[in-house]
Structure formats: C-alpha cells, structure tokens
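Notes for the one structure printed next.
The values are calculated or read from the model by the stated rules, or taken from the named source; none is laboratory data. Only a predicted model underlies this, so the values are computations on that prediction, with no experimental measurement involved. Cβ placement follows ideal geometry from the backbone for every residue including glycine, while neighbour counts extend to all protein chains displayed. Note: areas computed on protein heavy atoms with side chains; ligands, DNA, RNA excluded. Shrake-Rupley method; radii C 1.70, N 1.55, O 1.52, S 1.80 Å.
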Amino acid sequence: MPGKCRLVRQGPRRPISIGGVMVGEQGKPVVIAGPCSVEDREMIRETADYIAREIVDGLGFKRIILRGGCWKPRTSPYSFQGHGWRAVEWLREAGDRAGLPVITEVMDPRHVAGLAGMVDAVWVGARNMQNTPLLLELASGFPGPVLLKRHFGALIEEWLCAAEYLLANGKEDVALIERGTRGINEYARFTLDVTVIPIVKQEARLPLVVDVSHPAGKRSLVPALARAALAAGADGIMVEVHPEPGRALSDKDQQLGLEEFRRLLESLMEMKLL
Ligand code: PEP
Ligand code: MN
C-alpha cells in the first residue's frame with residue numbers, strides 16, 4: 001500500500017501561513033497553544049493576554065498561534081461538549097486583542113462556511129481524520145489552512161491519504177498533526193509515535209506539528225514529549241494551556257498552567273529547540 005497517494009509526496013515542501021505565522025519553515029518551529037476548550041470569555045482572554053505579554057514580548061518568541069476547542073469530541077455524551085459559536089467569538093476576540101492568530105477544531109461540515117471568516121485556520125480532530133464529507137467541505141468551503149490530525153489507530157498511509165483528499169480537491173494549505181496512537185503504555189494516555197516524525201518528513205512534503213498534550217495525558221510528561229518532538233524534527237508543537245488547569249472542564253490533568261508553559265518555552269529556547 002505505501003506510495004499510493006502522490007500529491008502528498010510530489011512537489012516542493014510547502015510551508016503554510018496561519019495568520020502570518022509560517023508553519024513548516026526549516027529551523028523555525030512554531031507553537032500552537034491554548035486551552036483544550038474555550039470555557040468562557042475571561043479564560044481565553046487571560047490565556048491570550050498572557051501569551052502576548054510573557055511569551056511574545058517577554059521571551060521574544062513570536063511564532064505562536066492561539067488554540068481553543070469550541071465543539072469538543074468527548075467520549076461521553078454527559079461530558080462538557082463545548083460552547084460552540086459563542087466560543088468561536090470569544091476565541092477570535094481574544095486573539096485580536098492579543099495580536100495572535102487563532103485556530104479551532106472543526107467537527108461538522110455544516111460549520112465550515114461560518115468558520116471561514118472567524119478563524120485563521122482549523123484542525124480536523126483525530127476522530128474525524130477519515131470523515132470525507134468534512135474533508136471535501138473544507139477543501140471547497142474554507143479559505144485558510146487545514147491541519148489534519150492522525151487518528152489514534154491510523155496507519156501512516158491512511159493518514160497521508162486522508163490529507164490527499166484535501167490536496168486532490170484543491171486545498172493547497174495543508175499540514176499534519178501527530179497526536180499519539182493507541183499502544184501498550186498504560187501510564188500515558190496515548191503513545192507518542194516519535195518514529196513517525198522522520199518518516200513523514202521523508203514521505204510527505206507537508207508541515208508536521210506534534211500535539212504533545214494528548215499523548216501525555218498528564219502534565220508531568222509534556223516537557224519531555226515536547227523536547228522529543230522538536231529534537232526529532234517536528235515543525236512545531238501543540239500544547240494545551242489553561243489559566244487554572246485543575247478546574248478545566250476537559251483534559252484537566254494534562255493542561256499546563258500559564259507559568260509552567262512559559263518555563264517550558266524558555267527551556268526549549270535555551271536548548272535551541274525553538
Ligand atoms: C484536541 O486537540 O482538543 C483534541 C480533541 O485532540 P484529538 O482530536 O487529537 O483527540
Ligand atoms: Mn484536549
């Protein structure tokens with residue numbers, strides 16, 4: 001099966017621009033950071049303002065994008081599902097105030113048109129990697145970049161072929177996100193597939209970001225996974241950050257506090273990984 005999808009392989013490497021932040025430029029990894037879910041206007045503002053003040057101005061690290069989930073793909077129907085369009089507005093407002101580009105997860109093809117004017121980019125979550133109606137709607141109806149997460153049970157070729165759906169239908173600005181696969185390590189939530197990083201670099205011409213929070217499942221593992229991802233050549237990391245992680249409505253064990261996040265970025269910069 002390897003080699004089946006060709007657009008993902010052919011042609012020059014193509015960095016994408018998320019609101020002016022370039023993802024996929026050699027030696028210039030990015031950071032996509034923010035809460036698992038946008039819980040209210042204040043918490044996303046606080047996160048964005050902190051990033052602008054302490055990371056962009058304080059540390060001088062400018063290649064940063066604000067993330068926040070607005071519709072959440074939860075395992076249980078009784079868990080918090082996200083605030084939907086209200087959250088999209090809060091995310092946009094917080095990003096504009098702080099001067100940060102914003103990205104959210106798109107789960108439903110019916111949301112694509114509305115998201116077009118509201119966010120700088122979208123990601124497709126792991127569970128929707130092979131949702132072809134969603135991919136086709138994004139290819140035709142979303143003007144910005146699309147970042148495609150790998151399903152936790154997907155082969156590399158299945159993931160690349162899902163990206164091929166976007167490319168083959170006219171979407172040029174596509175990047176990939178590795179976020180861990182199901183494994184036999186019961187101490188972590190998923191198993192970060194570090195091996196996939198050089199493989200995707202060899203096989204595909206698309207930028208690759210590594211979500212280091214969802215494989216970790218707990219905060220204490222996040223810094224080591226961030227170092228590993230960047231050392232292995234990822235074009236960036238995605239990290240969940242929350243002003244009060246202990247009170248988060250989703251993924252509270254893995255989100256970093258704001259100060260903890262600043263320390264992580266500082267150490268990654270000292271190690272020349274960022
Ligand atoms: C997320 O990034 O908030 C998320 C739900 O991730 P995944 O789709 O990788 O589980
Ligand atoms: Mn999450």
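Some observations on this one:
- Single match in L225, L221 (criterion: within 16 Å of ligand 2 (Cβ to nearest atom), within 26 Å of V200 (Cα to Cα), surrounded by fewer than 20 Cβ atoms within 10 Å (Cβ to Cβ) and not polar (S, T, N, Q)): L221
- Hits in region 1-51 (condition: in contact (Cβ under 8 Å) with a residue 40 or more places away in the chain, part of a helix (DSSP H, G or I), open to solvent by 20 Å² or more (accessible area, probe 1.4 Å) and not hydroxyl-bearing (S, T, Y)): R41, R45, E46, D49
- Qualifying residue in region 152-166 (condition: touching a strand residue (DSSP E or B) at 6+ places or on another chain (Cβ under 7 Å), within 16 Å of ligand 2 (Cβ to nearest atom) and open to solvent by less than 20 Å² (accessible area, probe 1.4 Å)): no
- Among the candidates D235, D253, residue that is open to solvent by 20 Å² or more (accessible area, probe 1.4 Å), in contact (Cβ under 8 Å) with a residue 24 or more places away in the chain and closer than 24 Å to E54 by Cα: D253
- Just one of the listed residues (R205, R227) is in a helix (DSSP H, G or I) and of a type in the set (D, E, K, R), namely R227.
- If the condition is being buried (at least 18 other Cβ atoms within 10 Å of the Cβ) and either outside any loop (DSSP other than H, G, I, E, B) or modelled with pLDDT under 95 (or both), then region 238-250 contributes M238, V239, E240, V241, P245.
- Filtering region 258-268 to residues that are over 13 Å from P223 (Cβ atoms) and either more than 19 Å from the chain's Cα centre (by Cα) or part of a loop (DSSP other than H, G, I, E, B) (or both) leaves only E259.
- For beta carbons closer than 7 Å, sequence separation of 6+ or different chains, a first residue in region 151-180 that is among the basic types (K, R) and a second that is assigned to a helix (DSSP H, G or I), the qualifying pairs are K171/L138; K171/A139; R179/A126; R179/H214; R179/P215.
- E186 being over 16 Å from the mean Cα position of the chain (by Cα), of a type in the set (D, E), assigned to a helix (DSSP H, G or I) and more than 16 Å from ligand 1 (Cβ to nearest atom): no
- Just one of the listed residues (P143, P73) is over 19 Å from E240 (Cβ atoms), surrounded by fewer than 19 Cβ atoms within 10 Å (Cβ to Cβ) and of a type outside the set (F, W, Y), and it is P143.
- Cβ-Cβ contacts under 9 Å between residues 6 or more apart (or on different chains), taken from a first residue in region 75-91 that is basic (K, R) to a second residue that is in a helix (DSSP H, G or I), are listed as R86/R41.
- Considering V200, V194, the condition of being assigned to a helix (DSSP H, G or I), under 20 Å from M238 (Cβ atoms) and touching a helix residue (DSSP H, G or I) at 6+ places or on another chain (Cβ under 8 Å) is satisfied by V200 alone.
- Qualifying positions in region 53-68 - touching a helix residue (DSSP H, G or I) at 6+ places or on another chain (Cβ under 8 Å) and either open to solvent by less than 20 Å² (accessible area, probe 1.4 Å) or modelled with pLDDT under 95 (or both): I55, F61, I64, L66, G68
- Residue match in region 52-62 (condition: touching a Lys or Arg at 6+ places or on another chain (Cβ under 6 Å), away from ligand 1 (no atom under 16 Å from the Cβ) and of a type in the set (D, E)): yes
- Among residues of region 108-132 that are aliphatic (A, V, I, L, M), those with a Cβ under 7 angstrom from a residue that is open to solvent by 40 Å² or more (accessible area, probe 1.4 Å), sequence gap 6+ or separate chain, pair up as V112/E137; A116/P143; M118/R92; V119/R92; A126/H151; M129/H151.
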